[in-house]
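A quick write-up on the structure given underneath.
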Amino acid sequence: MSPKRQAVELRLTQVSLAITALAAAMLVWSVGAVVWTAIGERRVDRVVEAVIFAAIAGYLVYGNLCYELARLGRLTRSSGVADLSADSADSCSAATAPALTILVPSYKEEIPVIRQTLLSAALQDYPNKRVVLLLDDPPSPKTHPDRAALWAARSVPFELQTRMDEPAEFIAQARREFRNRPSSEACWETECVRLSDCFLRAAEWFEAQAKHCPIQSHTDVWFVREVLTVPADELRDAAGQWFARGRQQSDVVPADLATEIDAVYERLAARFVVQFDVFERKQYCNLSHEPNKAMNLNSYLAVMGKRVKPVLRADGVHLEDTAALIGSRLIPDSPYVITLDADSLLKPDYAGTLVRIMEQPDQTRMAVAQTPYSAFPNAPGALERTAGATTDVQYFVHQGFTRFAATFWVGANALLRKSALEDICQVERIGHITVRRYIQDRTVIEDTESTVDLMAKGWTLYNHPERLAYSATPPDFGSLVIQRARWANGGLIILPKLLEFLWRAPKRPATAAQALLQAHYLTSLALTPLSVVLLLSIPFSPDLMTPAMPLAAFPYFVLYARDLALAGYRPFRDLMRAYALNLLLIPVHLTGAVTSIRQLVAGTKIPFRRTPKISGRTRTSGLDLILQLTMIMVSAGLSLYHGLGGRWIPATFALANVFLLCYGVRRFIGLAEAYRDLALSAREAIGRYAKSGWFSDRPLAPLFSPMNLFFVLMQPMRKSRAFSRQALWGVSAFFDMMVTIVA
C-alpha cells in the first residue's frame, strides 16, 4: 500500500471510529431516557426490555469498534514492522542458522495434498531443516483402499527425499571441487561460469517439477507458480548474473571473491538439503491416541532430542527411551518448530523471514511468529471465493491485533520457539502412559488456549505483515459447516482463563485495548449471532429501535468493503455475499457455542471433527438445512409482524435478511443439492426410527400424517426441475416425522 493510500485509509478509520462512538452515545442516551421514564412510571417490563436491548445493541456496537480498532492498529504498525524484518535480512547464514523442524500433521489426506505440502516445506530457502509427516491414519486399516492410501502416504516423504537428493548432491559436489582447487590455479572467470551452471541446473530441476505437476485446481496453479516457477525464474536470473560477472572479471580478483562464491554454493546446496521423516504415534501403545491434532503434535514434541526404540510388550509396541545404538534412532531436537496443516502451503521465504525476526536480540521472549494464512486466489466457486474473502479480511484483523499485543496463535501455520513450548508443558500420568501437553487439547481450538498459556508465562506472539502462507478453503457448504462449527466451539471455555490473565496483568493503557480485542475474539462467534437473532426476534419498541442502530453499523460495512477491495475482491458484491454467508452460518456458530456450554457443564471433551478434504461434495446434514429454512421463515414472519406494527427499522432489517438468506441457500448450497441432502436425511431418520420400533409405540401417529395428502397436492409440480420426486418425498417425510413426534 502506498503511503498516500495508507494515509487515506487511516483517516477514514479514524472518522469511522468517531461516527461509531457518536452512534453509541446516541444509543446510550435513548436507552437511558426510556429507562428513566419507565422508572418514573414504575414499568418494570419497560426497564427489562431496555436493559435487554442495551445488552444486545451494545455488544454489536462493541464488535464494530473492535474491528475499527484492529484496522487502526494495522495501519499504524506497518512501517515499524517492515524495518524489523529489513534490518535482519542477512542475519542467518547457512553456517549459523539454527536447526528447524517442520511438522505436518495429517489424517487421511489425499496424496497430492500431502505431496504439495511436504514439498513446499522442503523447498524453504533455509538451511538445516527437517520435514516430518505426522501420519495419524489408523496403523492397521481393515479395507484395501485404506491400506493402499496408508502405504502411499508413508512413501511420499521417501519419494521426495530421492527427488531432492539429486540436485543437492550435484551442487555439493561442485562446491567440493571448487574448494579443492588451489586459489593460485583458479580461473575466476571459469569459476563464475561453473557457479552459473549450478544455478541453471537448479532452475531446470524446478522447471521439471512444475512440468510434471498436474493442474486440476486453483490450488495447483498457485503451487506451481509460487513454489516452483517463481524460484526457477529467480535461479535463472542468478545464473545470468554470475555468467555476466565471469565475463567481466578482470585480472585483479577481489580478495573476498572466493569466500563469496563458497557461501553462494553453500546456500544454493542448502536449498535442496532436507531430511524427511514419518512418525506414526498410533503405532505405539504408550503414546496418546486422542483423536485431535494437538496430541498428534504433542506426541512428537515429547520425543524430540531423545534416542528411542520400539519395544514389544504384552499389550503391544511401546516407544521407549534407550541408550543402546542398535535398533534405536535419535530424534533430532531443534530450537524452532514450524507446525503446518496438511492443506496449507508456504512460500519459499517463510522460514527464513520468521526465523530472522525471532533471532533478533530483543525478541528472545517471542514464542510464536506467523503470517495468518490467506485463501488461495481465483477460487472457481462462489462459496469458496466468499469464504476465502472472509479469511483474507481476518488476516487484516490479526495484523491489527499485533499492534495492541493481542495476537492469537492461528494454528494452520506458525513458527514456534521450542523453549516456550517447554515452558508451558504440562505432564500428566494417565494409567501407564505419561502424557506431555505442550499444546492444550482441552478444546478443538488448541492454538487459542495455548496463546493464553504463553502470555501468562511472559511470552509474546507476532504476526508478520506479509502473505507467506496459504490454506485451502472448504469448497462446499457441508465441509464449511464442519470447519466453522469447530472454530466456534471453545471460545467460551477459554474466556475465564483469559480474564484471569488480564486481571493479573499490569494495568497499562495498552492493556485495555488488548483486553477488548481478545475478549471479543473469544466471544464473537457465540454472542454476535445470538445478538442478531435476538434483535430480529424480540419486538422492541420504536423508541429503542432508533436510527442510531444503522448509523453504528454503517462505518463497519464501509470499512469491510474497503478491506475486501484491498484484498483483491469486488467490494459491493462480495460484501453482500459475505453477509449472506454469515447469516447462513448463524445456526452453525450457535451450535458451536451450545456445545462449548455443554462441555463446561459436563466436563468432557468434544470430539474433534476434521474438515473433510475430498474431491467430491460433502453432504450437508438435514438438521443444518432445516435450520436454514427455519431462519428464512422466521425472518419473513418477523418482517411482516414488525411492518404491521409500524416498526420499520427491524422490518426492513428482517426483510433484507430474507432475501440474503434465500440468495445464500441458492448460491452457496444449491437448491437441488439441498433437496437431495434433506431427502436423504429424512429417509435415514425414518429408517432408524422404524428399525427401533419407534412407530409401533405410537399407533395413532400415521393417522395424522400429511405425507399422502402433501404428495397428492404436489403431483402437478413433479415434472418441474425445481421439484423432483425425491425432493417432494424428503419434504413430506420431514413433515411426517414432525407430526409423528407430536402424536
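With the contact rule set at Cα under 8 Å and sequence spacing of 6 or more, what percent relative contact order holds for the chain?
So the answer I get is 15 percent.
Can you return the lysines within cross-link range of residue 507? Criterion is Cα-Cα under 26 Å, with same-chain partners fewer than 8 residues away left out.
Within the straight-line cut-off, residue 507 pairs with 457, 497.
So how much slack lies between residue 306 and residue 537, counting 0.36 nm per residue of separation and subtracting their Cα-Cα distance, in nm?
That works out to 77.2 nm of additional length.
Within the range 640-655, what residues put their amide N at less than 19 Å from the label point 7 Å along the Cα-to-Cβ vector of residue 43?
Residues 642, 645-650 fall inside that zone.
Please give the charge dipole size of the range 166-218, origin at the Cα centre, charges +1 on K and R Cβ atoms and -1 on D and E Cβ atoms. Round to the nearest 20 debye.
My answer is approximately 140 debye.
For the chain, find the longest principal axis of its Cα atoms and tell me its angle to the long axis of helix 293-303, 0 to 90°, nearest 10.
30 degrees
Expected output is a single nm value to one decimal: the length gained when fully extending between residue 641 and residue 278, i.e. 0.36 nm times separation in residues minus the C-alpha distance. What is it?
124.6 nm is the gain from fully extending residue 641 to residue 278.
Among 397, 380, 367, which residue has its Cα positioned farthest towards the positive end of the charge dipole of the range 361-441, with +1 placed on the Cβ of Lys and Arg, -1 on the Cβ of Asp and Glu, and the dipole taken about the Cα centre?
367
Classify the range 105-185: rounded, prolate or oblate, from the alpha-carbon gyration tensor (a ≥ b ≥ c, eigenvalue square roots; a/c under 1.5 rounded; otherwise prolate if a/b is larger than b/c)?
Note, shape of the range 105-185 comes out prolate.
What nm distance separates the two modelled labels at residue 4 and residue 208, each placed 7 Å from Cα along Cα→Cβ?
Here the modelled spin labels are 4.9 nm apart.
Taking the Cα centre of the chain as origin, work out the dipole magnitude from +1 charges on Lys and Arg Cβ and -1 charges on Asp and Glu Cβ, in debye rounded to 20.
2200 debye
Cut-off under 30 Å on the C-alpha distance; same-chain residues fewer than 8 positions from residue 4 excluded. Which lysines are left, in chain and number order?
Straight-distance partners of residue 4: 347.
Cut-off 20 Å, label point 7 angstrom out along Cα-to-Cβ of residue 325: give me the residues of the range 296-317 whose amide nitrogen falls inside.
305-310
Excluding residues fewer than 8 places away in the same chain, name every one of the lysines whose C-alpha is closer than 23 Å to that of residue 306.
In chain and number order, the partners are 129, 282, 293, 418.
Simple spin-label model, 7 Å along Cα-to-Cβ: residue 382 to residue 18 in nm?
Once both label points are built, they end up 3.9 nm from each other.
Which percent of the accessible heavy-atom area of the chain goes to carbon and sulfur, probe 1.4 angstrom?
62 percent
Assuming a ≥ b ≥ c are the square roots of the Cα gyration tensor eigenvalues, decide whether the range 472-606 counts as rounded (a/c under 1.5), prolate (otherwise, with a/b larger than b/c) or oblate.
Here the range 472-606 falls in the rounded category.
Run the quick spin-label model on residue 659 and residue 600: label points 7 Å from Cα toward the beta carbon, then report their separation in nm to one decimal.
For the pair residue 659/residue 600, the computed spacing is 3.8 nm.
Tell me, what is the per residue accessible area of the chain in Å², probe radius 1.4 Å?
I get 46 Å² per residue for this part.
Output wanted: per-residue J couplings in Hz (rounded whole) for the range 283-289, from phi through Karplus 6.51 cos²θ - 1.76 cosθ + 1.60, θ = phi - 60°, x for Gly and Pro.
6, 10, 6, 8, 10, 4, 10
Can you give the longest run of the chain that contains no GluC sites (Glu not before Pro) sitting in a DSSP loop with at most 12 other Cβ atoms inside 10 Å?
Maximal segment without exposed cleavage sites: 186-743.
Report the calculated FRET efficiency for residue 285 and residue 422 (r = Cβ-Cβ distance, R0 = 35 Å), to the nearest 0.05.
Working from the Cβ atoms, E equals 0.90.
Which trypsin sites (Lys or Arg not before Pro) does the range 1-76 hold that lie in a coil by DSSP with at most 12 other beta carbons within 10 Å?
Filter output for the range 1-76: 42.
If I fit a long axis through the Cα atoms of helix 491-504 and take the longest principal axis of the Cα atoms of the chain, what angle between them do I get, 0 to 90°, rounded to 10?
Around 70 degrees separate the two axes.
Only bridges with both residues in the chain count here: give the DSSP antiparallel percent, nearest 5.
Once the DSSP bridges in the chain are tallied, antiparallel ones form about 50 percent.
Any idea what angle helix 382-403 forms with the longest principal axis of the chain, computed on alpha-carbon atoms, 0 to 90 degrees, nearest 10?
Approximately 70 degrees, to the nearest ten.
The values are calculated or read from the model by the stated rules, or taken from the named source; none is laboratory data. Model, not experiment: these values are computed from the prediction. Please note: Cβ atoms are built from the backbone with ideal geometry, for glycine as well, and neighbour counts cover all protein chains shown. Remember, those area values only see protein heavy atoms, side chains included, never the ligands or the DNA or RNA. Shrake-Rupley method; radii C 1.70, N 1.55, O 1.52, S 1.80 Å.
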